[in-house]
Structure formats: C-alpha cells, structure tokens
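The values are calculated or read from the model by the stated rules, or taken from the named source; none is laboratory data. All values reported here derive from a predicted model rather than from experimental measurement. FYI the Cβ positions are ideal-geometry reconstructions off the backbone, even for glycines, and counts take in every protein chain you see. Ligands, DNA and RNA are excluded from the accessible area calculation, which covers all protein heavy atoms including side chains. Shrake-Rupley method; radii C 1.70, N 1.55, O 1.52, S 1.80 Å.
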Amino acid sequence: MAAPTILVLQGPNLNLLGVREPEVYGSTTLTQLQQRLDLLAAELGVRLRHVQSNHEGELVDAIQIAAADGCLGAVVNAGAYTHTSVALRDALIGTALPFVEVHLSNVFARESFRHVSMMSDVALGVVTGLGAAGYEAGIRALVETRVG
Ligand code: CA2
C-alpha cells in the first residue's frame with residue numbers, strides 16, 4: 001500500500017526563500033527546506049506533496065486535489081494570503097482537510113495586519129516563528145493525530 005501523503009503548501013513569494021530577506025526568513029532555500037522535510041517524512045513513513053504557488057486559485061486547487069486524493073492532511077504556510085484569503089479558508093473548511101498553519105517568522109512580533117489569520121481558528125494548530133522546525137512539528141502532529 002502507498003504511504004500516506006501530506007500536502008506541504010507554500011503561498012506567495014515563498015519561492016524566494018533563502019534569496020531575499022534572510023534576516024526575516026533565514027538563508028535556507030525552498031528546495032533545501034523541502035529536502036529537509038522529505039528526510040523527516042521518510043523517517044515517519046509518510047510522503048510529502050510539495051506545492052508552492054503565487055496564485056490564490058492554484059492554492060485552492062491544491063487543497064481540493066489533496067482532499068480528493070485522500071491526503072492525510074496539510075501543512076499550510078499561505079504567506080500573505082493567510083491574512084486575507086476567504087477562498088483558502090473556505091477550501092480548508094469545505095474539504096475538511098486536517099491542517100497545521102505554519103509561519104517561518106513570528107507573525108505576532110511583526111505588523112498588526114499579520115496578527116490576523118483567516119484560518120487559525122479552523123486549524124489543528126498553529127506554529128509561528130520557529131522556521132523549518134515549525135513545518136516539522138506540523139508534519140509530526142498530522143502523523144500523530146491521524147485517524148485510521
Ligand atoms: O512568516 C511566514 O512564514 C509568513 O507566512 C511569510 C509571508 C508573510 O506575508 C506572512 O505574514 C508570514 C511572506 C512570505 C514571503 O517570503 C519571502 C521569502 C524570502 C524573501 C522574500 C519573501
């Protein structure tokens with residue numbers, strides 16, 4: 001049987017990781033982050049489906065497709081769409097895909113508009129400010145809380 005799959009969803013501008021603003025987001029590139037998470041996933045016996053998009057509708061599509069494919073859940077860093085996107089909130093609620101909201105930076109130590117999330121209240125949990133370790137915590141939590 002195929003290993004259970006977790007969607008790791010990255011929103012707008014996260015393709016710039018490690019290239020711009022290393023003082024805020026660190027010097028690890030998106031590819032390096034994905035490789036690190038893949039190592040953890042292999043240890044835990046799950047697979048990761050990595051999706052990054054700068055387009056809101058593509059992020060909605062990825063959530064719907066993950067749910068239709070029977071993915072175990074999602075680790076979601078929706079970037080700036082976290083703070084604005086009713087469409088992503090609706091997709092997460094509508095699909096009932098269990099998810100952990102993750103932010104590399106501590107959004108509560110930043111501008112007040114980043115303190116608002118359209119999805120925190122429907123997430124299993126939220127990890128903010130721990131960099132790559134936040135994604136790892138999200139993956140571990142999904143594996144530990146999975147039903148079936
Ligand atoms: O801290 C996070 O992970 C954020 O989700 C990142 C978003 C920001 O809008 C959220 O408030 C918090 C921004 C992602 C932009 O990523 C960049 C990475 C490197 C260089 C420039 C942008």
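Highest mean first, the peptides 31-44, 81-94 sorted by other C-beta atoms within 10 Å per residue fall in the order 81-94, 31-44.
Accessible area per residue for the chain is 50 Å², calculated with a 1.4 Å probe on protein heavy atoms, without ligands, DNA or RNA. Within a Cβ distance under 11 Å of residue 2, other residues only, what is the Lys/Arg minus Asp/Glu net charge? That works out to 0. The distance linking segment 1-69 with segment 111-148 is 13 Å (Cα centroid to Cα centroid, whole angstrom).
Translational diffusion of the chain, estimated by Stokes-Einstein from the Kirkwood radius over alpha carbon pairs at 37 °C in a medium of 0.692 mPa s, is 217 µm² per second. Expressed as a whole percent, the accessible area of the chain that falls on carbon and sulfur atoms is 53 (1.4 Å probe).
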